[in-house]
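One structure is given here, and the rest of the page talks about it.
The values are calculated or read from the model by the stated rules, or taken from the named source; none is laboratory data. No experiment lies behind these values; they were computed from the predicted model shown. In this analysis, Cβ positions are derived from the backbone assuming ideal geometry, glycine residues included, and neighbour counts consider all displayed protein chains. Note: accessible area is taken over every heavy atom of the protein model, side chains too, but ligands, DNA and RNA are not part of it. Shrake-Rupley method; radii C 1.70, N 1.55, O 1.52, S 1.80 Å.
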Amino acid sequence: MAERIMNGSEVVLQALADQGVEVVFGYPGGAVLPLYDEIFKQNRIRHVLVRHEQAAVHAAEGYARSTGKVGVVLVTSGPGATNAVTGLTDALMDSIPIICLTGQVPTHLIGNDAFQEADTTGITRPCTKHNYLVKTPEKLARTLHEAFHVASSGRPGPVVIDLPKDILVGKAPYLEPAQVQHRTYNPVVKGDRADIERAMALLATAKKPILYCGGGVINSGAQACKLLTEFSRMTGVPVTLTLMGLGAYPASDKQYLGMLGMHGTYEANMAMHDCDVMIAIGARFDDRVTGNLDFFSPGSQKIQIDIDPSSINKNVPVDIGIIGDVGHVLEDMTKVWKAKQYKINAKALDGWWKEIDLWREKRCLSYKQPKDVIKPQHVIRRMHALTRDRKTYITTDVGQHQMWAAQHFGFEHPHEWMTSGGLGTMGYGMPAAMGVQIAHPDATVICFTGDASVMMNIQECATLKQYHLPVKTVILNNRYMGMVRQWQQLLHGSRYSESYSESLPDFVKLADAFGFTGLTCKDPADLDAVLQQMLDIDGPVILDVAVDDKENCFPMIPSGKPHNEMLLGDETNEDQAIDSDEGMVLV
Amino acid sequence: MKETEISKHTISVLVENESGVLARVIGLFSGRGYNIESLTVAEVDAVHHKSRITVVTSGTPMVIEQIKAQLSRLVPVHKVSDLTLSGPCVERELALVKVIATGEKRVESLRIADIFKARAVDATNNSFVYEIIGSTEKIDAFIKLMEPLGLSEISRTGVAAISRGTLTM
């Protein structure tokens with residue numbers, strides 16, 4: 001095939017189009033002007049103008065997580081790139097496929113401390129899956145296609161391509177995606193058959209089995225989630241999900257124990273602690289999940305399935321590690337289970353479920369909704385009830401509201417829950433919701449946020465307005481950085497150092513200033529009507545809900561404690577502090 | 001081996017010879033808190049643009065396994081090989097050792113160099129530069145002996161290693 005010669009910017013746009021990209025989230029600047037000129041001249045790829053580069057990455061994350069596609073970001077050199085760093089780190093921690101194109105000063109100026117120059121590949125090296133600086137036009141097309149392969153295969157992640165301005169302006173040859181093959185990066189997707197057979201043989205001997213599933217199942221795709229449901233129903237094994245895994249298994253299913261971890265359910269954590277065979281599927285034994293490692297699930301044999309070999313045996317030694325894509329491995333597990341005619345020990349499993357039912361009786365997520373003040377959990381529950389018949393996507397910021405949303409909104413399907421899990425990035429929710437809404441214009445997109453988190457990317461209200469994105473932002477306003485306040489109460493003698501939200505804006509006027517609707521709600525009796533009003537408005541809405549400012553997020557495994565030493569809300573009165581110096585130094 | 005026992009491993013990493021690849025490897029070690037006791041890097045295949053990085057590191061078996069897994073998932077890495085585990089291997093280092101001395105000390109340094117099969121590659125009336133090749137331990141021993149004899153400067157290459165026999169990476 002004869003090489004097609006174009007200018008560098010045309011090559012970039014052609015490569016994006018050939019990779020199936022429909023939308024780019026970005027912000028222009030000097031170094032990327034040639035690319036923006038090219039964007040102006042075409043209409044294949046839609047550009048969404050954000051108001052801060054961090055938000056561009058979060059929007060692309062929301063787009064990627066709700067569609068399973070690669071999210072694409074375009075920012076300029078220097079501050080454009082450095083502003084994107086938080087988003088890139090977020091995408092790395094949560095394994096979200098992102099391509100971030102960054103402008104760079106012309107090659108002859110690199111290293112000269114030129115205007116808006118930053119060592120972008122140096123700065124982003126530890127916060128990307130991989131990054132490139134394109135120094136010659138010949139490498140441009142190849143690099144772009146390679147980057148999509150790297151971002152989306154194996155354990156997905158963000159990839160930065162740094163594009164010097166002279167490369168964008170000069171002539172460059174174009175290669176089709178099919179002409180590019182990666183020399184080194186070709187991750188294994190099929191799990192080792194012998195390992196899978198050993199794992200199934202072990203499961204067949206289990207008396208107290210559990211499936212502990214994470215974001216890897218969702219990253220593997222809807223088919224993998226379906227296989228997970230089939231496998232658990234076939235074997236009767238209880239399922240718990242991580243924060244990242246919510247939606248991988250239907251929350252309404254009777255075999256579902258709820259989320260596990262620091263703010264997970266009592267039954268999920270107790271079952272993790274007492275199980276005898278644990279199968280970790282696309283989950284990485286994060287510290288928020290395991291609690292104190294010395295006491296983590298002490299009596300179990302562990303099987304771990306992960307596409308990333310470095311996730312296996314990282315924090316918790318496992319008995320059988322299976323490297324491969326969750327979907328492929330689940331398919332083989334099901335085949336092996338059927339072929340060998342394995343049966344779970346029905347009598348033992350029955351006893352196990354009886355134990356679990358006793359834990360369930362604690363009703364660890366229960367709360368009382370009084371007449372005078374709105375409980376934050378109640379807002380989530382009511383919103384869930386009111387949106388049951390709609391295609392609904394939820395994003396959150398970080399803190400108490402995030403945990404309440406995770407606990408109380410029942411997710412039935414994958415790709416409908418977008419939250420910053422690993423990095424815990426305040427300011428994630430609103431831009432992520434923009435990305436989701438761009439991908440699903442007709443769906444209901446709700447951002448649960450807090451009065452502190454929402455301020456971290458509040459400028460994106462302008463983007464919501466500009467593109468008529470009907471995102472519903474619900475602020476659970478307790479006038480505190482709630483999770484900080486909770487830790488200060490429990491671990492720091494109720495010394496609320498700097499965690500009170502002084503000088504909050506009037507969110508109704510704020511919404512008004514940006515040109516859309518702001519609502520408030522204080523009275524529990526009005527809640528349903530206001531939520532419904534918000535859902536019925538065709539356009540963006542900010543709803544400021546005044547919630548109980550003393551409410552803490554329970555259950556809770558304090559840092560440094562094992563799973564079976566959870567704090568439950570009802571036994572924790574106002575002044576109960578956790579007496580633990582060890583806990584205080586942990587995060 | 002006990003789970004908590006720290007052992008030393010020599011790991012060879014075959015990488016694409018592209019800019020930034022060494023920074024990726026070093027950044028991985030510093031970012032994740034792993035040790036680098038020695039590091040050697042040079043291109044070994046000019047035709048296929050491959051370089052070989054040899055890292056001597058230490059840690060518990062779980063940490064060593066992590067290091068190898070983390071190295072393997074770097075995009076420009078072709079192959080990672082733990083020479084300490086894969087069988088017998090040859091490990092060599094080269095050092096240039098400058099000794100400034102006169103009289104008996106100068107003569108004594110020459111005698112020791114002879115025992116260690118070190119060569120004098122530069123000489124003036126009051127100095128020698130010795131070139132010594134050997135295992136890390138041998139070079140450490142040589143340097144220790146030179147200390148009282150006017151040792152004034154050392155340059156070491158770090159360990160280059162390869163497995164014995166027909167086994168290749």
**OP:** From the C-alpha gyration tensor of segment B:89-161, pull out the three semi-axes of the equivalent ellipsoid (sqrt of 5λ each), sorted largest to smallest, in whole Å.
**Re:** 22, 11, 10
**OP:** Per DSSP H run of n ≥ 4, the term is -39500 (n - 2.57); total these for chain A, divide by its residue number, and report the mean residue ellipticity at 222 nm rounded to 500 deg cm²/dmol.
**Re:** -10500 deg cm²/dmol
Original post:
Given a Förster radius of 41 Å and the C-beta distance between A:Glu361 and A:Gln532 as r, what FRET efficiency does 1/(1 + (r/R0)^6) yield to the nearest 0.05?
Top reply: 0.75
**OP:** May I ask for the Kirkwood hydrodynamic radius of segment A:342-450, worked out over all distinct Cα pairs and given in angstroms to one decimal?
**Re:** 16.1 Å
Original post:
Within chain B, what's the longest stretch lacking trypsin sites (Lys or Arg not before Pro) that sit in DSSP loops with no more than 15 other Cβ atoms inside 10 Å?
Top reply: B:33-116
**OP:** Quote the FRET efficiency, to the nearest 0.05, computed for B:Glu104 versus B:Ala42 with a Förster distance R0 of 41 Å and r equal to the Cβ-Cβ distance.
**Re:** 0.55
Subject >> Positive-pole candidate from A:His440, A:Ala178, A:His130, dipole of the protein assembly as shown, charges at beta carbon >> reply: A:Ala178
Original post:
For segment B:7-82, what Kirkwood radius comes out of the mean inverse Cα-Cα distance, in Å?
Top reply: 12.3 Å
Original post:
In debye to the nearest 20, how big a dipole does segment B:89-161 give about its Cα centre with +1 on each Lys and Arg Cβ and -1 on each Asp and Glu Cβ?
Top reply: 100 debye
Subject >> For A:Gly258, residues with placed amide H under 5 Å, excluding near neighbours >> reply: A:Leu241
Original post:
What does the charge dipole of segment A:502-548 about its Cα centre add up to, to the nearest 20 debye, if the Cβ of each Lys and Arg holds +1 and the Cβ of each Asp and Glu holds -1?
Top reply: 120 debye
**OP:** Amide H neighbours of A:Arg46 under 5 Å, at least 5 residues apart or on other chains, H built in the peptide plane: list them.
**Re:** A:Val23, A:Val24
Subject >> Spin-label model distance (nm) - B:Asp140 vs A:Lys343, 7 Å beyond Cα toward Cβ >> reply: 6.2 nm
**OP:** Note down the net charge around B:Phe116, summing +1 for each Lys or Arg and -1 for each Asp or Glu among other residues with Cβ under 15 Å from its Cβ.
**Re:** 0
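Output the pairs from A:Lys362/A:Lys550; A:Lys171/B:Lys50; B:Lys8/B:Lys138 with a Cα-Cα distance over 26 Å in this structure; if there are none, say none.
Over 26 Å Cα-Cα: A:Lys171/B:Lys50.
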Original post:
What are the residues of segment A:310-352 that lose 40 Å² or more of accessible area, with a 1.4 Å probe, going from their chain alone to all protein chains?
Top reply: A:Ser310, A:Asn313, A:Lys314
Original post:
What are the residues of segment B:19-38 that lose 20 Å² or more of accessible area, with a 1.4 Å probe, going from their chain alone to all protein chains?
Top reply: B:Ser19, B:Ala23, B:Arg24
Subject >> For B:Ile132, net neighbour charge (Lys/Arg +1, Asp/Glu -1) across residues whose Cβ lies under 13 Å away >> reply: +2
**OP:** Using only alpha carbon pairs under 8 Å that are at least six residues apart, calculate the relative contact order of segment B:89-161 and give it in whole percent.
**Re:** 52 percent
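Keeping all protein chains in place, calculate the accessible area per residue for the protein assembly as shown (probe 1.4 angstrom), answer in Å².
Working: 31450 Å² over 756 residues.
Solvent-accessible surface per residue comes out at 42 Å².
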Original post:
With each pseudo-label sitting 7 Å past Cα toward Cβ, what's the B:Ser58-A:Glu176 distance in nm, one decimal?
Top reply: 5.6 nm
**OP:** Treating only the Cβ atoms of Lys and Arg (+1) and Asp and Glu (-1) as charged, compute the dipole magnitude of chain A about its Cα centre; round to the nearest 20 debye.
**Re:** 1460 debye
Original post:
Which residues make up the longest stretch of chain B clear of GluC sites (Glu not before Pro) that lie in a DSSP loop with no more than 10 other Cβ atoms within 10 Å, not counting the sites?
Top reply: B:6-169
Original post:
Once both labels are modelled 7 Å past Cα along the beta-carbon direction, what's the A:Arg183-A:Glu498 spacing in nm?
Top reply: 4.8 nm
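Quick one: in segment A:62-114, what % of C-alpha pairs are over 12 Å apart?
Value for segment A:62-114 (Cα pairs over 12 Å): 68 percent.
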Original post:
For peptide B:69-81, how many partner chain Cβ atoms fall within 10 Å of a residue's Cβ, on average?
Top reply: 4
**OP:** Evaluate the Debye formula for the protein assembly as shown with equal point scatterers sitting on the alpha carbons, no solvent, and hand back log10 of I(q)/I(0) at q = 0.10 Å⁻¹, in q order, two decimals.
**Re:** -1.08
Original post:
Rounded to a whole number of µm²/s, how large is the Stokes-Einstein D of segment A:287-368 at 37 °C and 0.692 mPa s, given Rh as the Kirkwood radius over C-alpha pairs?
Top reply: 206 µm²/s
**OP:** With just the Cα atoms of segment B:1-50, tell me how far they stretch along each of the three principal axes, in Å, largest first.
**Re:** 43, 22, 15
Subject >> Integer Hz, Karplus 6.51/-1.76/1.60 couplings in order for segment B:32-46, x for Gly and Pro >> reply: 9, x, 8, 7, 10, 8, 7, 9, 9, 8, 6, 5, 10, 9, 5
Subject >> Contact order normalised by residue count of segment B:23-169, Cα under 8 Å, 6+ apart, percent >> reply: 27 percent
Subject >> Area hidden from solvent between A and B (accessible, protein heavy atoms only, 1.4 Å, total, Å²) >> reply: 1500 Å²
Subject >> Using θ = phi - 60° and Karplus 6.51 cos²θ - 1.76 cosθ + 1.60, couplings along segment A:440-453 (whole Hz; Gly, Pro as x) >> reply: 10, x, 9, 8, 8, 10, 10, 10, 7, 9, x, 5, 7, 4
Subject >> Positive-end extreme of charge dipole, the protein assembly as shown - chosen from A:Met426, A:Val547, B:Thr4 (charges on Cβ) >> reply: B:Thr4
Subject >> Derived scalar couplings ³J(HN,Hα) [segment A:31-37; Karplus, 6.51 cos²θ - 1.76 cosθ + 1.60; whole Hz; x for Gly, Pro] >> reply: 6, 10, 4, x, 5, 5, 5
Original post:
Can you give the helix-only mean residue ellipticity at 222 nm for chain B, where every DSSP H stretch with n ≥ 4 adds -39500 (n - 2.57) and the sum goes over all residues, rounded to the nearest 500 deg cm²/dmol?
Top reply: -8500 deg cm²/dmol
**OP:** Taking amide H positions as placed in the peptide plane 1.01 Å from N, state which residues far from B:Ala120 in sequence (5 or more) or on other chains have amide H under 5 Å from it.
**Re:** B:Glu131
Subject >> Intensity falloff of segment B:13-169 expressed as log10 I(q)/I(0), Debye formula with alpha-carbon point scatterers, at q = 0.17 Å⁻¹ >> reply: -0.98
